[in-house]
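Reading through the structure tokens given below for one structure.
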Amino acid sequence: MFHLGWFLGNGFGIQPWNEKGGDGPWVGSNVTDWMKPDIYVDLATSMERAGFDYILIEDTAMVEDSYKGTAETSLRRGFMAPKNDPMPLVPLMTQRTKHIGIIPTASVIQYPPYLAARLFTTLDHLTEGRVGMNVVTSVTDRVAQNYGFAQHFEHDERYLMAQEWVDVVQQLQGSWQPGAVLADRENGIYADHTKVEPIDFVGKYFSSRGPLNTIPGPQGRPPVASAGGSEAGRDMAARYDDTMMSMCKTVEEMKDYRDDMRRRVASYGRDPDAVKFLFLVTPVIAATDQEAWDLAAASAAGRASDAAIEYNLWNMSYTSGGRIDFGAIDPDTLVSDIDFSRQNGEHSSVAAIFQDSAGKTLREVVSSSFQITDLGLVGSPDTVAAKMGELMDEVGGDGFLLYLPTTRRNMAEVADGLSPALRRRGLIRDGYSGTTLRDHLLEF
């Protein structure tokens with residue numbers, strides 16, 4: 001069996017979606033009610049019905065304006081803005097569910113370690129052990145400037161910060177030793193003070209005295225997730241992650257990635273089987289194989305539309321850390337002539353976009369390349385389920401993180417179409433044996 005997650009890819013914000021990938025009305029979008037909880041609660045109940053381990057909520061705190069030096073495209077098309085803070089969603093999404101985990105995003109430059117430790121411990125209590133922590137380093141100077149920095153730290157240094165950040169957070173979450181809580185009503189003693197100690201942490205980037213002023217949650221230390229694909233990102237994940245997402249475009253890449261990460265995890269004295277690597281994928285599911293292939297063909301054709309090209313150029317500018325304005329580059333420029341040395345964003349994401357671009361122009365890349373692909377998962381629920389099983393057999397595990405527009409149609413196709421087909425093949429869980437997110441990750 002393998003694990004499943006849902007990537008809520010625009011965080012708690014607007015998700016405009018055009019079925020043809022080009023100009024025209026926003027079909028199936030939540031453009032008018034994105035700020036309300038209903039669709040996110042429905043997502044949680046649907047994915048729990050489908051047997052998913054968790055929903056991961058992406059987040060970033062800025063209005064992007066590196067593309068053409070203006071926020072016009074971001075705001076006109078609703079790219080990453082507007083967007084609300086995802087943290088209040090966590091107890092809302094778990095209140096109507098009993099099992100599925102929710103993993104919101106926390107950036108190391110947005111959340112001081114004590115705030116993060118206290119927040120996630122509180123959420124661990126409120127969700128009865130179903131929260132995780134997606135640790136990110138943020139991408140652009142604009143985020144850093146919103147939190148008091150003149151510009152963002154360089155890429156590899158951000159991951160050193162992140163490692164120290166996780167260390168401090170987890171030390172604070174462990175500052176109450178086992179047995180510290182007595183809750184002795186008869187003698188009026190709540191806690192044994194000898195088992196609650198300061199951590200007195202002083203590092204290069206963070207310091208915190210501690211102890212945490214709340215008791216450990218059901219999971220003690222909520223599971224850690226991340227998405228780093230660079231050397232620095234992989235090293236951090238190997239030290240701390242309980243689940244990790246990856247962007248791969250071929251079976252060979254998936255196998256190499258998983259083998260590499262399992263080796264890295266083992267090098268830190270950890271059990272590789274205790275870390276679940278989920279591969280980001282955008283499956284195309286329809287009632288029949290032909291209908292799905294028609295949808296996939298329409299989507300591929302739409303990539304050459306002005307709207308799709310604008311998005312890709314905008315996204316490239318963002319993923320470069322805002323340091324390269326791809327809107328200012330002649331689209332007929334050879335990729336080999338573009339100076340990528342200035343980038344300071346998501347190194348692995350930029351590499352994924354420009355993979356196999358030798359001899360191509362920027363125009364050719366933006367009309368054909370995307371960070372996340374369907375991995376060949378196109379067809380009816382039965383066809384896609386069979387292909388997912390074949391992929392996992394070849395790769396060795398551990399599962400998939402589905403990245404689809406959050407529409408009720410997509411929820412139904414997954415929860416009531418794909419999931420039953422996977423269960424008929426014995427590929428995913430048919431119910432939950434544990435109660436916490438950590439239980440789900442370690443169930444198989």
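What to note about this one:
- A simple spin-label model places pseudo-atoms 7 Å from Cα toward Cβ; at D382 and V202 they are separated by 6.8 nm.
- Normalised contact order of the chain, rounded percent, pairs of Cα under 8 Å and 6 or more residues apart: 22 percent
- Nearest-20 debye value, the chain charge dipole, Cβ charges on Lys, Arg, Asp, Glu: 780 debye
- FRET efficiency for the Q151 to K68 pair, using the beta carbon distance and R₀ = 22 Å, is estimated at 0.65.
- The residues packed around T436, meaning those with a beta-carbon under 13 Å from its beta-carbon, carry a net charge of -2 if Lys and Arg are +1 and Asp and Glu are -1.
- Carbon/sulfur fraction of accessible area - the chain, other protein chains in place, 1.4 Å, %: 50 percent
- Accessible area (Å², 1.4 Å probe, nearest 10) - S433: 90 Å²
- The residues packed around H155, meaning those with a beta-carbon under 15 Å from its beta-carbon, carry a net charge of -3 if Lys and Arg are +1 and Asp and Glu are -1.
- Distance between modelled label sites at M35 and R185, nm, 7 Å Cα→Cβ extension: 4.5 nm
- For G321, residues with placed amide H under 5 Å, excluding near neighbours: N344, G345, E346
- Each Lys or Arg adds one and each Asp or Glu takes one away; over the other residues whose Cβ falls under 13 Å from the Cβ of P218, this sums to 0.
- The helix-based estimate of mean residue ellipticity at 222 nm for the chain, built from -39,500 (n - 2.57) per DSSP H run of four or more residues and divided by its residue count, is -11000 deg cm²/dmol to the nearest 500.
- The angle separating the long axis of helix 381-395 from the principal Cα axis of greatest extent in the chain is about 70 degrees.
- Taking every protein chain into account, the accessible area of segment 124-167 amounts to 39 square angstrom per residue (probe 1.4 Å).
- Compared with the dominant principal axis of the Cα atoms in the chain, helix 289-302 is inclined by about 80°.
- For the set D156, D242, the ranking by accessible area, highest first and with no ligand, DNA or RNA atoms included, is D156, D242 under a 1.4 Å probe.
- Segment 405-430 residues near the modelled L295 label - backbone nitrogen below 13 Å, point 7 Å along Cα→Cβ: 405-419
- Long-range lysine pairs (8 or more apart or interchain), the chain, Cα under 29 Å: 22
- Rolling a 1.4 Å probe across all protein chains gives K68 an accessible area of roughly 120 Å².
- Using alpha-carbon coordinates, inclination of helix 38-49 to the longest axis of the chain, degrees: 80 degrees
- P(r) of segment 252-316 over all Cα-Cα pairs, binned every 5 Å from zero, in whole percent: 3, 14, 13, 12, 12, 13, 12, 11, 8, 2, 0
- Taking all protein chains as shown and a probe of 1.4 angstrom, M1 keeps an accessible surface of around 120 Å².
The values are calculated or read from the model by the stated rules, or taken from the named source; none is laboratory data. Everything quoted here is computed from the prediction, not taken from an experiment. So basically every Cβ, Gly included, is an ideal-geometry build from the backbone, and we count neighbours across all protein chains shown. Areas reflect the complete protein model, heavy atoms only, side chains present, ligands, DNA and RNA absent. Shrake-Rupley method; radii C 1.70, N 1.55, O 1.52, S 1.80 Å.
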